[in-house]
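Q: First the structure, which I've put down as structure tokens, then a few questions once you've had a look.
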Amino acid sequence: MLDALFRPRGVAVIGASTKELHIGNRVIKNLIDFGYKGEIYPINPKADEIRGLKAYKSILDVPGPVDVVHMVIPAKFVPQAVEDCGKKGVKHIIINSGGFSEIGPEGAAIEKDFLERAAKYGIRIFGPNCQGIINSDPEIRAYCNFTFTFPEPGYISIVALSGGVAEVIHQGFASMGVGTRIYASNGNACDITIPEIIRYLGDDEGTRVVVTYVEGLRDPKTFLEVATEVAAKKPVLAMKAGRTKEGAKAAASHTGGLAKEDIATDLIFQKAGILDFRDEGQLINAGVAFASQPIPKGNRVGIITNTGGPAVIATDVMVAAGLKLPPLSEKTEAYLKERLFPEASVHNPVDVLATGTAEHYRACLDAMMDDDNFDCVFVNFVTPFFVDTDSIAKQIVEVSKQQRKPIVCNLMTDRRQWTETVRILQEGGVPCFALPSEAARAMAALVRYRQILDRDKGRVKTFSDVDTKAAREIIDRARAAGRKMLTAAEVYGICDAYKIPTAAWAVADSADNAVKAADKIGYPVVLKADSEAIVHKSDMGAVALNLENGEAVAAAAKDMQAKFDAADLKFLIQKFTPGGLEIILGAKAEPGLGHIIMFGLGGIYVEVMKDVVFNLTPVTDAEANRMLESIKGKALLDGVRGQAGVDKAQLAETIQRLSQLVSDCPQIAELDLNPVMAFENEIRAVDARIAIE
Ligand code: ADP
Ligand code: MG
């Protein structure tokens, strides 16, 4: 679909300018300088030629096919120009100009106008208020962009709304001597979207790595769908900014988005299998490693070094990221003992010593490539005066080119003096970083992608024993009555309908009936006051625990009646279910996406430790299990120091039932089960709240 945009046969510039410092001139120069393979048509009613190219008075005068038009004209002229492009049969328009939805309603009206005209002709709009695209494919060489970083052909493609960040990332690669392929920065993105571009890059054989930057997602559901599909094929590296309240506000002011903290984007990244980064430097470094290195088969790293300390730093970083440093196989050890200096350390890390030669490095590299104990090789390389560092670099390049296992290099040198060594490594496609931690993190990113590829996505279980109709009826009735908070009877009714296990319960409207209900449930019981006005029940004295008999129930009920004279006051009577591990489960609607599901340690732990994890609906069986494994206090679930563990299978099932419930009943805005008492052989929710829209 976007082929004509990224591989245009002809490019016209409406608003082509004779002034050198004008964008309408620069775009033409960039196309020429980058060696664009198609035709370039400046459109200008007054000029005869621009930058040595014949200029046309109107797009309609252009003789050849035009796949892409740049528009560098004031916003108010854009709708008519789009109309002309339609008549010409143009496929894509990159609107570089601003003055549209980003400035307010007036601009938004123009945007709507030109969009309608474009749709009429089947033209797709890129932008407005944007930079444009670059395709470095030697067959195309399209620089439809007014920026200034001229990439070497490469395998990394970059997509972002923000031109500034896209450009920073682009420069990051260029400055490390790493080429890029497709670049797309689409500003307001009023038509062609980021997910659409990511899908295109997923299908583009020349793209090995997709790098994206986001501040918020316009259409999170589609993003998730597309990213999931593409991340299964090739690494997708992403960074989300605007994480602090202040950052979100800054993002809102330049994108017109909502200033809110959002955890949904992180969860989308996680669920889709995107590698997420908090730091653009790490994102760029990882991109460099992915661009030239194969994906490791596992997480076991062998280290070769000619200096001690930096290898220690790298080891710490890699181990903290979950990589393993297995010992050398006996064969490797024997092989290296024969070839390295007698003082060399033949363990993992292998220290060839500062005097280690190219032959030594090569022996280590070959041995580790052959050694089944290793999935990837980390090279620490300081460039001493007394060895032939160029030869060492050449050996590293040769082995790297074999593409057997990924190699990442921490190159410690004076780049002003060892220019040849650096050049050999860079041109040889060896990812070289200037700090051990940076190199180690790039290696960890390669391993992380392997883990993403290998992880069990699981399947969405559909429980057929649920009563969706009953749950929906309860919600519809409450909505009809204009209530946002459901009553205890409604909440527990919904739990029953979805077989979410709760402590035996009943609701009563008087002290007498509370006693009758308690008799039926069996003592000891708990009595809770239930009213829309009571939120944190225990804080307000609305929970009476461990009531052993009818008199105690009656007394507690009368006490509460006196305390809360709410018109809607009812009593919830529950089986007293003490002694379990208190768990919290929750769900929160995320507009345009579904629901966020929460799991963690409940009770006092929630407030103090915030030991909770999240996922998005629909939660698969494998994801539910991973949620259990992801909390810090997961050992408590298994039991510590002689304490019994809890019924993890039922917890995981309940997470999935909850996921199904909120998916079936999207009107549920918030749902909290806190706590769920978890025991060795069963779990029981003892407090539940549901808010609807
Ligand atoms: P709230 O969270 O509104 O203050 P809860 O219903 O969660 O009220 O009750 C407060 C605490 O009392 C719970 O965290 C739990 O420790 C305990 N509790 C509540 N109901 C039961 C019950 N049925 N069995 C055992 N303990 C309970
Ligand atoms: Mg509670």
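Q: Which residue out of V301, V317, V288 is surrounded by 22 or more Cβ atoms within 10 Å (Cβ to Cβ), in contact (Cβ under 8 Å) with a residue 60 or more places away in the chain and closer than 29 Å to D456 by Cβ?
A: Details: V317 fails: surrounded by 22 or more Cβ atoms within 10 Å (Cβ to Cβ); V288 fails: closer than 29 Å to D456 by Cβ.
Step by step, each of V301, V317, V288 is checked, and only V301 is surrounded by 22 or more Cβ atoms within 10 Å (Cβ to Cβ), in contact (Cβ under 8 Å) with a residue 60 or more places away in the chain and closer than 29 Å to D456 by Cβ.
Q: Here is a further query. Do we find that S162 is small (G, A, S) and at pLDDT below 95 in this structure?
A: Taking the combined requirement at face value, the residue satisfies it.
Q: Shifting gears a bit: Where in the stretch 451-547 are the strands (runs of 3 or more DSSP E), entirely inside, with at least 1 residues that are among the acidic types (D, E)?
A: Numbers: elements: 505-508, 525-530, 543-547.
The qualifying strands (runs of 3 or more DSSP E) are 525-530.
Q: Could you identify the single residue in A481, A470, A506 that is farther than 30 Å from G287 by Cα and surrounded by 15 or more Cβ atoms within 10 Å (Cβ to Cβ)? Steps first, please.
A: Values: A481 fails: surrounded by 15 or more Cβ atoms within 10 Å (Cβ to Cβ); A470 fails: surrounded by 15 or more Cβ atoms within 10 Å (Cβ to Cβ).
After applying the criteria, what remains is A506.
Q: I've got another one for you. Residue by residue through the stretch 339-384, note down the ones that are β-branched (V, I, T), in a strand (DSSP E or B) and surrounded by fewer than 22 Cβ atoms within 10 Å (Cβ to Cβ). Can you show your working first?
A: Residues of the stretch 339-384 that are β-branched (V, I, T), as a first pass: 346, 350, 352, 355, 357, 377, 379, 382-383.
Filter once more, keeping what is in a strand (DSSP E or B): 346, 350, 377, 379, 382.
Passing the criteria: V346, V382.
Q: Quick one: which residue in G580, G594, G586, G602 is more than 16 Å from ligand 1 (Cβ to nearest atom), buried (at least 19 other Cβ atoms within 10 Å of the Cβ) and either acidic (D, E) or touching a residue at least 40 places away in the same chain (Cβ under 8 Å) (or both)? Lay out the reasoning, then the answer.
A: On the way: G580 fails: more than 16 Å from ligand 1 (Cβ to nearest atom); G586 fails: more than 16 Å from ligand 1 (Cβ to nearest atom); G602 fails: more than 16 Å from ligand 1 (Cβ to nearest atom).
Exactly one of G580, G594, G586, G602 is more than 16 Å from ligand 1 (Cβ to nearest atom), buried (at least 19 other Cβ atoms within 10 Å of the Cβ) and either acidic (D, E) or touching a residue at least 40 places away in the same chain (Cβ under 8 Å) (or both), namely G594.
Q: Return the only residue of I134, I140, I156 being in a loop (DSSP other than H, G, I, E, B), modelled with pLDDT of 95 or more and under 30 Å from S292 (Cα atoms).
A: On the way: I134 fails: in a loop (DSSP other than H, G, I, E, B); I156 fails: in a loop (DSSP other than H, G, I, E, B).
That would be I140, the only listed residue that is in a loop (DSSP other than H, G, I, E, B), modelled with pLDDT of 95 or more and under 30 Å from S292 (Cα atoms).
Q: To continue, here is another question. Hey, can you tell me all the residues within the stretch 166-207 that are touching a Lys or Arg at 6+ places or on another chain (Cβ under 9 Å), β-branched (V, I, T) and under 30 Å from E116 (Cβ atoms)?
A: Selection gives I192, T193, I194.
Q: Looking only at the stretch 549-570, decide whether some residue is assigned to a strand (DSSP E or B), touching a residue at least 60 places away in the same chain (Cβ under 8 Å) and in contact with an Asp or Glu (Cβ under 7 Å, 6 or more places away or on another chain). Before you say what the answer is, go through the steps one by one.
A: To start, the set of residues in the stretch 549-570 that are assigned to a strand (DSSP E or B) comprises 570.
From the residues that got through so far, the ones that are touching a residue at least 60 places away in the same chain (Cβ under 8 Å) too are 570.
Remaining after also requiring in contact with an Asp or Glu (Cβ under 7 Å, 6 or more places away or on another chain): 570.
Checked against the condition, which is being assigned to a strand (DSSP E or B), touching a residue at least 60 places away in the same chain (Cβ under 8 Å) and in contact with an Asp or Glu (Cβ under 7 Å, 6 or more places away or on another chain), the stretch 549-570 yields at least one hit.
Q: I've got another one for you. In the stretch 389-416, what residues are assigned to a loop (DSSP other than H, G, I, E, B) and either crowded, with 24+ Cβ neighbours inside 10 Å or charged (D, E, K, R) (or both)? Working first, answer last.
A: Quick first cut of the stretch 389-416, residues assigned to a loop (DSSP other than H, G, I, E, B) only: 402-406, 413-416.
Scanning the stretch 389-416 gives R404, K405, P406, D414, R415, R416.
Q: If Q574 satisfies all but one of (1) within 15 Å of ligand 2 (Cβ to nearest atom); (2) out of contact with any helix residue (DSSP H, G or I) (no Cβ under 6 Å at 6 or more places or on another chain); (3) without any contact (Cβ under 8 Å) to a residue 60 or more places away in the chain, what's the number of the condition it fails?
A: Failing condition for Q574: (3).
Q: Answer yes or no as to whether G206 is out of contact with any Gly (no Cβ under 6 Å at 6 or more places or on another chain) and assigned to a loop (DSSP other than H, G, I, E, B). Please lay out each step first, then the result.
A: Numbers: out of contact with any Gly (no Cβ under 6 Å at 6 or more places or on another chain): yes; assigned to a loop (DSSP other than H, G, I, E, B): yes.
Yes; evaluated as a whole, the condition is true for this residue.
Q: Go through the stretch 39-80 and give me each residue that's without any contact (Cβ under 8 Å) to a residue 24 or more places away in the chain, within 16 Å of S17 (Cα to Cα) and within 45 Å of the chain's Cα centre (by Cα).
A: F77
Q: Can I ask one more? Out of everything in the stretch 527-539 that is surrounded by fewer than 15 Cβ atoms within 10 Å (Cβ to Cβ) and more than 8 Å from ligand 1 (Cβ to nearest atom), what residue ends up being nearest to A503 (Cα to Cα)? Full working, then the answer.
A: From the stretch 527-539, those surrounded by fewer than 15 Cβ atoms within 10 Å (Cβ to Cβ) are 532-533, 535-536, 538-539; that's our starting set.
The next check asks that each one be more than 8 Å from ligand 1 (Cβ to nearest atom); those that pass are 532-533.
Working: E532: 21, A533: 23 Å.
So the residue we want is E532.
The values are calculated or read from the model by the stated rules, or taken from the named source; none is laboratory data. Since the model is a prediction, treat every value here as computed from it, not as a measurement. All Cβ positions, glycine included, derive from the backbone under ideal geometry; neighbour counts span all protein chains shown.
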